[in-house]
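Here's the structure, in structure tokens; my notes come after.
What follows draws every value from the coordinates through simple rules; no lab data is involved. All of these numbers come straight from a predicted model, not from anything done at the bench. With ideal geometry, Cβ positions are generated from the backbone for all residues, glycine too; neighbour counts draw on all protein chains shown.
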Amino acid sequence: MAVLIDPPSWPAHGTLFSHLVSTESLGELHSFADAAGIPRRAFDEDHYDVPARRYRELVERGAQEVSGADLVRALIRSGLRVPARRRAPRLRAALASRWASLLPAEPALGEELLDRWAEPHRSYHTPSHLLAVLEALDELLQPADLPRRRTVLLAAWFHDAVYEGVAGEDERASAALAADRLGAAGVREVQEVQRLVLLTATHDPAPGDRAGELLCDADLSVLGAAEEDYLRYSRAVREEYAHIPDGAFTEGRRAVLVRLLALDPLFRTAVARERWSAQARANLERELASLA
């Protein structure tokens with residue numbers, strides 16, 4: 001666990017700036033910054049930009065001096081680095097383009113959903129997660145799925161549109177939001193979208209429920225991510241439950257991991273099983289061992 005700082009070498013606003021990062025969690029980074037009086041507006045998704053005049057003070061407060069290259073490598077290893085393509089402006093533009101292709105007559109609804117996904121209290125259920133689910137569906141959807149494609153994609157957009165960290169309640173509220181907004185827009189698939197959103201509370205579609213299998217596999221695709229991306233996911237989950245004491249969180253998280261490892265199969269579609277199953281089980285077992 002450490003907070004790192006690189007030498008001031010990034011020019012802006014008539015001075016040079018350093019980067020301040022954590023190798024452990026954004027919570028640690030924000031706590032260090034708050035204690036040092038660094039404003040939250042200086043935070044840029046995975047680091048703080050701090051002016052050269054504060055460099056020595058921050059080192060004295062405990063930030064470890066490293067080179068710029070070492071700081072980037074440490075941030076990548078930590079799993080906290082946000083890739084350029086997933087930074088807020090590019091990410092919102094990419095998602096807005098996808099929405100325009102999906103429901104072009106409802107741009108205002110797309111903006112509302114993007115605003116909801118970008119709420120500041122979220123750490124994992126963010127626009128990055130939404131894009132990851134949509135990209136997973138890009139891989140899973142087959143030509144034969146064309147009749148259900150729009151329905152599944154709409155369900156992906158709504159499945160965590162309401163998120164307060166209350167399992168079951170969030171899914172019900174998201175389904176209700178889908179019913180209200182899509183009903184007002186005259187979308188004919190509204191009831192099926194509702195059903196699919198509610199299904200993400202359990203990720204347990206019935207055999208033969210192809211639409212449910214597609215959405216649930218896409219939502220769980222992060223489990224089969226590369227090790228550093230899985231680490232970023234698990235830390236973001238902890239951030240979202242920062243109000244839960246460590247002991248209670250560990251107990252609850254262990255139960256979730258055991259339940260996921262007991263699923264056979266973990267993924268329902270053939271493509272997901274082939275691409276993500278082995279890595280997912282390795283990730284889940286590694287995290288479970290770390291909680292022992």
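Give the shape of segment 102-250 as rounded, prolate or oblate, defined through the alpha-carbon gyration tensor: a ≥ b ≥ c are the square roots of its eigenvalues, a/c under 1.5 means rounded, and otherwise the shape is prolate if a/b is larger than b/c and oblate if not. Prolate. Per-residue Karplus couplings for segment 104-120, computed as 6.51 cos²θ - 1.76 cosθ + 1.60 with θ equal to phi - 60°, are listed in order as x, 7, 10, x, 5, 5, x, 5, 4, 5, 4, 5, 5, 5, 9, 4, x Hz, Gly and Pro entered as x. Note on the chain: with a GNM built from Cα contacts shorter than 10 Å, the maximum mean-square fluctuation among 68, 252, 224 falls on 252. Placing dummy labels 7 Å off each Cα toward the beta-carbon, the span from residue 242 to residue 135 is 2.5 nm. Could you let me know the centre-to-centre spacing of segment 54-125 and segment 241-292, using Cα atoms, in angstrom? One Cα centre to the other: 24 Å. Could you state the number of Å between the C-alpha centres of segment 8-37 and segment 146-165? That distance is 36 Å.
Is the shape of segment 3-81 best called rounded, prolate or oblate, per the rule: a/c under 1.5 gives rounded, else a/b larger than b/c gives prolate, else oblate, with a ≥ b ≥ c the square roots of the Cα gyration tensor eigenvalues? Since a/c stays below 1.5, the shape of segment 3-81 is classed as rounded. Remark: segment 105-211 carries a charge dipole of roughly 320 debye about the Cα centre, counting +1 on each Lys and Arg Cβ and -1 on each Asp and Glu Cβ.
Using only the C-alpha atoms, the convex hull of the chain corresponds to 144 Å³ per residue.
So, with +1 on the Cβ of K and R and -1 on the Cβ of D and E, and no other charges, what is the size of the charge dipole of the chain about its Cα centre, to the nearest 20 debye?
Values: 36 positive and 45 negative charges, 96 e Å.
Here the chain has a charge dipole of around 460 debye.
Here the residues 121, 129, ranked from fewest to most Cβ neighbours within 10 Å of their Cβ, fall in the order 121, 129.
Net charge of the neighbourhood of residue 276, taken over other residues with C-beta under 10 Å away and scored Lys/Arg +1, Asp/Glu -1, is 0. Calculated mean residue ellipticity, 222 nm, the chain: -18000 deg cm²/dmol, from DSSP H runs (n ≥ 4) at -39500 (n - 2.57) each, averaged per residue and rounded to 500. Going 7 Å from the Cα of residue 144 in the Cα-to-Cβ direction, what parts of segment 258-279 have a backbone nitrogen less than 11 Å from that spot? The answer is 270.
Give the angle, between 0 and 90 degrees and rounded to the nearest 10, that separates the Cα long axis of helix 127-140 from the longest principal axis of the Cα atoms of the chain. Approximately 50 degrees, to the nearest ten.
Ranked by Cβ crowding within 10 angstrom, fewest neighbours first, how are 159, 19 ordered?
With the sparsest Cβ surroundings first, the list reads 19, 159.
At a threshold of 8 angstrom on Cα-Cα distance, excluding pairs fewer than six apart, so keeping six or more, what relative contact order does segment 86-290 reach in percent? With pairs under 8 Å counted, the relative contact order is 19 percent.
Please report 157, 10, 276 as a ranked list, fewest other C-beta atoms within 10 angstrom at the top and most at the bottom. Walk me through the numbers before you get to the answer.
On the way: 157 27, 10 14, 276 23.
Result, fewest neighbours first: 10, 276, 157.
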